Structure formats: C-alpha cells, structure tokens
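The values are calculated or read from the model by the stated rules, or taken from the named source; none is laboratory data. Here the structure is a predicted model, which is why all the values come from computation and not from measurement. Reconstructed Cβ throughout: ideal geometry from the backbone, glycine too, with neighbour counts over all protein chains shown.
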Amino acid sequence: MMVIDIAVYHIFCIHNPQKLSQLRKDRYDRAVEWMKAVAAEDISIEGAPLLPEEVRAAHAPFRLKSNPKRVNHW
C-alpha cells in the first residue's frame, strides 16, 4: 500500500498538482518515513524473511553478488 501512495502522489504531481489534497501529501510523507525505517532496519516488513546475521552485521549499503564462474571447454 505504501508504494501505491507514493505512485499516486507522483501521478498527481505530474498531471494535476493544483488538486493534490492534504490527505495525499500526508500519506506520501508517511510512506516515505516507513520506507526509511525499513531501510534502517528499525522496523521489519510483516512476513518477510530477515537477512542473515552476518549480512545485517556488515550493514553494507549494497551487496555485490554474481553467478558462479562457468568453465566452458569447446
């Protein structure tokens, strides 16, 4: 629901910013605050699996990962 609130806010801003209600602004602000809290791991998403402890301990802003290297002999 949070992503929908952000999308609707941006659609209103693009197409008709004069008719943007205070409710839309409040819901957008609340959705952004919620996403920041999830990113900071202050709260967790209900039903989503937690990251492994070593990944959470590193608290890296991004993770680098690749597929296993292939060895092709032609």
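Residues that are within 15 Å of the chain's Cα centre (by Cα), loosely packed, with under 10 Cβ neighbours inside 10 Å and of a type in the set (Asp, Glu) were ranked within region 32-74; the one that is nearest to residue 5 (Cα to Cα) is 46.
From the list 7, 31, 48, 57, the lone residue that is modelled with pLDDT under 90, of a type outside the set (S, T, N, Q) and part of a helix (DSSP H, G or I) is 57. For region 12-22, the condition holds for at least one residue, the condition being that it is of a type in the set (A, V, I, L, M) and assigned to a helix (DSSP H, G or I).
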